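Enquirer: My questions will all concern the structure given below.
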């Protein structure tokens, strides 16, 4: 497959979805193919190329997990060991959880920790230590090991383990354990390192239909282990090739034993009704499409989105980076699906929802929330609508710009009695999740969206006409 065909598809997709800049890389049949389109910024436009830096969001978690596996290989960390072995001062909201939460619980999102604490603990070398000291304020949504629920805070805690064991900062530990051995020379955490190179900025779509610069380029340092690495599409292909390989760098340096590298892509916990995958490995989401194992991770920052996907049995990797919200996710998803169909012959399509049913709709209407976000499900009598956004009080208390809320979107229930759903429009189109029922009463008590549990706080048939959403 020629690079021109990929470039044509990427350019057409970016134009259709209004994305200023996109960088795509494919590793197939032993060769790299790149398609870079557009500009870094609508205000200061520079051409996107394969070395342009994007904020990768949650793909950062794959770096944290891999660095910790390096410490597992050296015998300095045990996956099944309690986190308190490495962080004796750890205190969570529940003492039982504090004593039993393990390293693996953090890496496969079964820690029971809520999503995150939206706090800024500064840019000093003690940023993670200060963050961990506040974890007693974070809700626990389940006992450790009971269920998977995506936790940014869990990865910040994992980053602190890296610091405690290596005796250095998280960023220096990751650099010495993985970035430097793999010659990832365009991958950084510090804005001071990024600003001397070409980098993309995020964009958000305004009510008037125009894109504006997302002024918060990256989050506070305490979020680095789970969200804030910056890298290029070329470095991400190199990272993908490492994970497709035998644990050695291209120069032959042994970074991880082969068995530990491959262990990262073996299922550790199943996922239910999730767009993210069918199961979680160690730092990776796993899916099976037509019997073919897909291993990958996505990420989002303020107006920037990233997708990394590998197919180990085909020695295929696809990386897509884009710089506009809300359509960055659909853009990256379109690229990945095109690549799967083109290079592997696999069609990845969304399931069809069932027609609107008043009885089932009434059962799920209401408000759901995490510590940080609110999710509202309403009906106009013909369809269900979902709104999700940062709580007004959280937004008002923030001293920096925060990403905009997503526009209301249609939600459809999927066939069967699994209580699964799919979003059918907007920037979250294709996102799947499920509702949780009380084991005793059978009542709906929560909803999972993007791997995060939102607990139900109100019920009721709230009607909202579609004209109000426009």
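No lab work stands behind these numbers, since they all come straight from the coordinates. What you see is a predicted model; the values in this text were computed from it and never measured. Every residue, glycine as well, gets a Cβ built from its backbone with ideal geometry; the counts of neighbours run over all protein chains shown.
Enquirer: Which residues among the stretch 352-391 fall inside the zone where the amide N is under 12 Å from a point 7 Å beyond the Cα of residue 458, along Cα→Cβ?
Expert: Only 366-369, 375-378 pass the distance filter.
Enquirer: Stokes-Einstein D for the stretch 184-337 at 4 °C, 1.567 mPa s, Kirkwood Rh over Cα pairs, in µm²/s? Working shown, then result.
Expert: On the way: Rh = 16.9 Å.
Answer from the Stokes-Einstein relation: 77 µm²/s.
Enquirer: Of 231, 58, 176, how do they rank once you tally other Cβ atoms within 10 Å and put the fewest first?
Expert: 176, 58, 231
Enquirer: Assuming R0 = 51 Å, can you tell me the calculated FRET efficiency for the pair residue 197 and residue 359, based on Cβ-Cβ distance, to the nearest 0.05?
Expert: Computed FRET efficiency for residue 197 and residue 359: 0.35.
Enquirer: Next question. What is the Cα convex hull volume of the stretch 377-447 when expressed per residue in Å³?
Expert: 128 Å³
Enquirer: In whole percent, what relative contact order does the stretch 1-349 give with Cα contacts below 8 Å and a gap of six or more residues?
Expert: 24 percent
Enquirer: Convex hull over the Cα atoms of the stretch 95-203, averaged projected area in nm²?
Expert: 8.5 nm²
Enquirer: Now for a different question. Can you list the equivalent-ellipsoid semi-axes of the chain, largest first and in whole Å, using the square root of 5 times each Cα gyration tensor eigenvalue?
Expert: Computed over the chain, the values are 31, 28, 22 Å.
Enquirer: Give the share of C-alpha pairs in each 10 angstrom bin for the stretch 115-269, from 0 to the last occupied bin, in whole percents, shortest bins first.
Expert: The percentages, shortest bin first, are 9, 29, 35, 22, 4, 0.
Enquirer: Per 0.36 nm of contour for each residue apart, how much would the distance between residue 134 and residue 85 grow if the chain were fully extended, relative to their Cα-Cα spacing?
Expert: Full extension from residue 134 to residue 85 adds 15.8 nm.
Enquirer: Report the FRET efficiency, 1/(1 + (r/R0)^6), for residue 31 and residue 78, where r is their Cβ-Cβ distance and R0 is 35 Å, rounded to 0.05.
Expert: The value I calculate is 0.35.
Enquirer: Additional query: How far apart, in nanometres, would the label points at residue 347 and residue 417 be if each is projected 7 angstrom from Cα along the Cα-to-Cβ direction?
Expert: Distance between label points: 3.1 nm.
Enquirer: Also, quick follow-up: Quick one: go through the stretch 84-104 and flag any residue whose amide nitrogen is under 20 Å from the point 7 Å out along the Cα-to-Cβ line of residue 125.
Expert: The answer is 87-89, whose backbone nitrogens lie closer than 20 Å to the label point.
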